[in-house]
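Before any comments, here is the structure.
The values are calculated or read from the model by the stated rules, or taken from the named source; none is laboratory data. On a predicted model such as this, the values are computed, not experimentally measured, just so you know. No Cβ is skipped: glycine too gets one built from the backbone with ideal geometry, and neighbour counts run over all protein chains shown.
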Amino acid sequence: MKPESLMMSYGYKPSLSEGAIKCPIFQTSTFVFNNAMEGKRFFEIAYGLREKDEGEELGLIYSRLNNPDLEILENRLCLWDEAEQCAVFESGMSAISTVMMEFMVPGDLLLYSRPVYGGTDHFINHFLKKMKINSLGFLAGDTKEEIIKLIEDSGHGDKLAMIHIETPANPTNAVIDIEMCAEIKNHFSREDKEVLLSVDNTFMGPIWQHPLKHGADLVLYSATKYIGGHSDVIAGACLGSNELMGRVKGLRTFLGNMAGPWTGWLLMRSLETLKVRLDQQATNAKYVADYLNTHPMVEAVYYLGNTAKFGTEEEKKVLERQYSSYGAMVAFDIKGGETEAFQFLDSLKLIKLAVSLGGTESLAEHPQTMTHADVNPEDKKAMNITAKLVRLSIGVENHEDLIADLNQSFKSVHNS
């Protein structure tokens, strides 16, 4: 069966929960062992003191280690990306920060694509810097040869430990070639030290792009966004191989940043409608982008559908290879600057002025002064994050109503 069908029941046995059609919320901190030997065996597996016997599963111990709501959720998330294991976190940033801390040590080099989410940018350029981990950013459009030279010229090429990319990039929908990054990873990997490639797939959700199939080692999500989809939960997720996820889950246990049972239950609920929501959001986004493309107050539209039409031949090849949809994120440059952008945002009625994305409701924000406020000004300029940029997350409303709201808001700017 397809993942959208399996989301209704995969990994859950009603007979173990009084026949409840939906998985209950296991609001408990700890679990009772049948006997002391069982407890001993569970802890041996949990702490890596021995390998599982054939057919043996890790039993329930303590909700910081495992909980039925999280385990079932993680099993279901694996289906979309065809991953061996998944770990769910209390936020997208906790997933990203845990992964980076687990696989890098002081003196290592991190290569990352620009732009990335503002929180990720801050963590890389402030927290990791304090940890003596060096970082090097590259822009979408840089060739493999240019990036390799950038790494070699940095003087830290032998210390490259991780490549982290976000594609499409937040907020400009810039496209990064995952397979190219995998080739760079292989170029710098050694027998005694393999470079890892992680991909933040938040803009595409687990439906429209599958980074593990293109050479990524780890895929990351802010599950707050499309996976949660209702703007009522904060969560993150990381997926990959058994070997790598064993390490990620090990650090998660000791940092204590796993999601709770309520979060797991809410995300399981959301997974049942994930595909139908994303299909509708992508359809709506196309209508909105088509409208913006012809509006006289719009200078440029940043949308994957536009990249497919007007991008370079290389960008078009990457789009065709990596994506099954143009997504539901649309950004645009309004004629003018911050004054006009703010007037536009303040005049919206149906579309709400708020950060975040991927929810059922449409949202609008100003990246330069909001989500990416902390990014270096020169870097923002190089990445087209300017005062005139507005980012839209398109929801499931009627597309005609969304366009009518955009239209009246443009008119308010024009008349002011």
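Of the residues making up segment 292-302, not a single one is of a type in the set (Ser, Thr, Tyr), touching a Gly at 6+ places or on another chain (Cβ under 9 Å) and under 20 Å from ASN384 (Cα atoms).
Condition check ((1) of a type in the set (Gly, Ala, Ser); (2) in the same structural domain as GLN281 (by TED's automatic domain parsing); (3) surrounded by 21 or more Cβ atoms within 10 Å (Cβ to Cβ)) across all residues:
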{"residue": "PRO206", "(1), (2), (3)": "no, no, yes"}
{"residue": "VAL219", "(1), (2), (3)": "no, no, yes"}
{"residue": "ALA223", "(1), (2), (3)": "yes, no, yes"}
{"residue": "GLY229", "(1), (2), (3)": "yes, no, yes"}
{"residue": "ALA235", "(1), (2), (3)": "yes, no, yes"}
{"residue": "LEU239", "(1), (2), (3)": "no, no, yes"}
{"residue": "GLU243", "(1), (2), (3)": "no, no, no"}
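Segment 77-177 holds strands (runs of 3 or more DSSP E) entirely within its bounds, and those carrying 1 or more residues that are farther than 27 Å from ALA223 by Cα and without any contact (Cβ under 8 Å) to a residue 40 or more places away in the chain map to 134-139.
Okay, residues lined up against (1) touching an Asp or Glu at 6+ places or on another chain (Cβ under 9 Å); (2) surrounded by fewer than 20 Cβ atoms within 10 Å (Cβ to Cβ):
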{"residue": "VAL318", "(1), (2)": "yes, no"}
{"residue": "GLN322", "(1), (2)": "yes, no"}
{"residue": "ASP346", "(1), (2)": "no, yes"}
{"residue": "SER362", "(1), (2)": "yes, no"}
{"residue": "ASP374", "(1), (2)": "yes, yes"}
{"residue": "ILE385", "(1), (2)": "yes, no"}
{"residue": "LEU392", "(1), (2)": "yes, no"}
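Among the conditions (1) at pLDDT 95 or above; (2) small (Gly, Ala, Ser); (3) exposed (fewer than 15 other Cβ atoms within 10 Å of the Cβ), GLY141 misses just one, which is (1).
When MET100 is tested against (1) of a type in the set (A, V, I, L, M, F, W, C); (2) surrounded by fewer than 23 Cβ atoms within 10 Å (Cβ to Cβ); (3) more than 13 Å from the chain's Cα centre (by Cα), just one condition goes unmet, and that condition is (2). With the condition kept exactly as written, say whether any residue in segment 380-387 is at pLDDT 95 or above and in the same structural domain as GLY337 (by TED's automatic domain parsing). Yes - at least one qualifying residue is present in segment 380-387. Taking every residue in segment 49-60 that is free of Cβ contacts under 8 Å to residues at least 40 places away in the same chain and pairing it with any residue that is of a type in the set (Ser, Thr, Tyr) and part of a loop (DSSP other than H, G, I, E, B), at least 6 positions away or on another chain, yields no pair with a Cβ-Cβ distance below 7 Å.
Against the definition (surrounded by 12 or more Cβ atoms within 10 Å (Cβ to Cβ), of a type in the set (D, E, K, R) and within 16 Å of ARG247 (Cα to Cα)), how does ARG41 come out, yes or no?
Details: surrounded by 12 or more Cβ atoms within 10 Å (Cβ to Cβ): yes; of a type in the set (D, E, K, R): yes; within 16 Å of ARG247 (Cα to Cα): no.
No; evaluated as a whole, the condition is false for this residue.
No other residue among ASP69, ASP53, ASP81 is in contact with a strand residue (DSSP E or B) (Cβ under 9 Å, 6 or more places away or on another chain) and either farther than 20 Å from LEU6 by Cβ or among the charged types (D, E, K, R) (or both) apart from ASP81. Could you list, in sequence order, all residues of segment 245-286 that are under 30 Å from GLU44 (Cα atoms), surrounded by fewer than 16 Cβ atoms within 10 Å (Cβ to Cβ) and of a type in the set (Val, Ile, Thr)? If the condition is that a residue be under 30 Å from GLU44 (Cα atoms), surrounded by fewer than 16 Cβ atoms within 10 Å (Cβ to Cβ) and of a type in the set (Val, Ile, Thr), then no residue fits.
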